[in-house]
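What follows is a single structure, written as structure tokens, with notes after it.
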Amino acid sequence: MQGLFFETDDTVHLVIRAIVMLICFWTAWMAGKGASESWKNYSSVVIYTVLLSIAVRFIHHALFNGPMFHSPAPLFYVIDFVVLLVFSTAGYRYTRTNQMVNAYYWLYEKASPFTWKDKA
């Protein structure tokens, strides 16, 4: 087991990076879903995503020796934030659509997985 994390092979590092990315995307989706389930507004999703992007940048720094505070770090914070915001927004809109359609079934129907419309 110890050889898995200390291999010089780049394939192992790519697999670990892929797993970390999937976990971060799932966490962003769940942050959006959690904000929607508690009927919070979209600004709370943005705040949660800012905090999550800081945590993701720390994970990349701790596991992969990525930049945390020096020169290219602000660019990476922005990239992390934008990508995670896409996933958290998708989780928020998907859950909010289901909430609106189920709670107010006499008023709304699904237009797509992420939007609803008035019943005609």
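In table form, for the structure just shown:
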{"item": "Residues satisfying the stated conditions in the stretch 40-60, i.e. in a helix (DSSP H, G or I), open to solvent by 80 Å² or more (accessible area, probe 1.4 Å) and either touching a residue at least 60 places away in the same chain (Cβ under 8 Å) or farther than 14 Å from F81 by Cβ (or both)", "result": "Y42"}
{"item": "Hits in the stretch 61-105 (condition: open to solvent by 30 Å² or more (accessible area, probe 1.4 Å), part of a helix (DSSP H, G or I) and hydroxyl-bearing (S, T, Y))", "result": "Y77, T89, Y94"}
{"item": "Residues that are within 15 Å of F58 (Cα to Cα), open to solvent by 80 Å² or more (accessible area, probe 1.4 Å) and of a type in the set (V, I, T), drawn from the stretch 14-30", "result": "I23"}
{"item": "Failed criterion for A120 (all others in (1) in a helix (DSSP H, G or I); (2) over 20 Å from W26 (Cα atoms); (3) aliphatic (A, V, I, L, M) hold)", "result": "(1)"}
{"item": "Test result for Y105, touching a residue at least 40 places away in the same chain (Cβ under 8 Å) and on the phi < 0 side of the Ramachandran plot", "result": "no"}
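The values are calculated or read from the model by the stated rules, or taken from the named source; none is laboratory data. Computed from a predicted structure; not experimentally measured. When we count neighbours, we look across all protein chains shown, and the Cβ atoms used for this are built from the backbone with ideal geometry, even at glycine. In case anyone asks, the SASA skips ligands and DNA or RNA and just uses the protein heavy atoms, side chains included. Shrake-Rupley method; radii C 1.70, N 1.55, O 1.52, S 1.80 Å.
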